[in-house]
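Presented below is the structure to which this report refers.
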Amino acid sequence: MAKDGTMRGGARAGAGRKPDPLATKILEGKIKEDGGLNELPINCEIVGEDMPPVKEYLKAVQRDGSVLCSEEVYKDIYNWLCNLGVEKKVNLLLVEQYALSVGRWVDCENKITTTGYLAKHPTTGAAISSPYVTIAQGYYKQLNNAWLILFQAVKEVSTDIINGTPHDDLMEQLLKTRGT
């Protein structure tokens, strides 16, 4: 306790060793994999579930008439989660946040392509850096943070070792939308 009576100090939030992924714990024998999870009863009827509907704000038409690629990213990530078998264990708000950030970043990059890296200062008329560059950098940082949170959540609940992710194909996503 400080002299002024306030509590300060102590461990910082998020400090310390990060938890091991579930798959690593199973391989090391710290956790036994539940045999009932992978075995289906003999008289079991398998019922498929559809992907939850994509929220309207992910596919809304922008002011300039364009549509963000957020819906496509959302579907890609959801299918990836389904392939891992963790779609019920991961909060879909994380997927939505990531998809929207990717969509906005790709849109900013497309704006930079069409308008260029320079802009005209509104009062002096001198050349300045395009504001889209700064906006794109902000969205890229945001999407990377969203991805790290999402990927950590997937690692914690997945029983498989994860190789390859939809996030690895971001540049391909960007190049696909440039043609439109």
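The values are calculated or read from the model by the stated rules, or taken from the named source; none is laboratory data. Just so it is clear, the structure is predicted and the values come from calculations on it, not from any experiment. With ideal geometry, Cβ positions are generated from the backbone for all residues, glycine too; neighbour counts draw on all protein chains shown.
Summed over segment 48-83, residues that are in a loop (DSSP other than H, G, I, E, B), within 13 Å of residue 95 (Cα to Cα) and acidic (Asp, Glu) total 0.
Results for (1) under 28 Å from the mean Cα position of the chain (by Cα); (2) under 24 Å from residue 154 (Cα atoms); (3) modelled with pLDDT of 75 or more, shown as yes or no for each residue.
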{"site": "10", "(1), (2), (3)": "no, no, no"}
{"site": "14", "(1), (2), (3)": "yes, yes, no"}
{"site": "42", "(1), (2), (3)": "no, no, no"}
{"site": "48", "(1), (2), (3)": "yes, yes, no"}
{"site": "60", "(1), (2), (3)": "yes, no, yes"}
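When the test is whether a residue is aliphatic (A, V, I, L, M) and modelled with pLDDT of 90 or more, residue 143 passes it. Has segment 90-112 got at least one residue that is over 16 Å from residue 149 (Cα atoms), part of a loop (DSSP other than H, G, I, E, B) and either in contact (Cβ under 8 Å) with a residue 60 or more places away in the chain or over 20 Å from the mean Cα position of the chain (by Cα) (or both)? Among the residues of segment 90-112, not one is over 16 Å from residue 149 (Cα atoms), part of a loop (DSSP other than H, G, I, E, B) and either in contact (Cβ under 8 Å) with a residue 60 or more places away in the chain or over 20 Å from the mean Cα position of the chain (by Cα) (or both), which makes the answer no.
When segment 46-99 is filtered for residues that are surrounded by fewer than 10 Cβ atoms within 10 Å (Cβ to Cβ) and charged (D, E, K, R), the ones remaining, listed by number, are 49, 50, 56, 63, 64. When every residue of segment 128-143 is checked against the conditions, none turns out to be under 19 Å from the mean Cα position of the chain (by Cα), closer than 30 Å to residue 17 by Cα and touching a residue at least 60 places away in the same chain (Cβ under 8 Å).
Answer with yes or no whether residue 138 is at pLDDT 90 or above, small (Gly, Ala, Ser) and under 27 Å from residue 67 (Cβ atoms). Taking the combined requirement at face value, the residue satisfies it.
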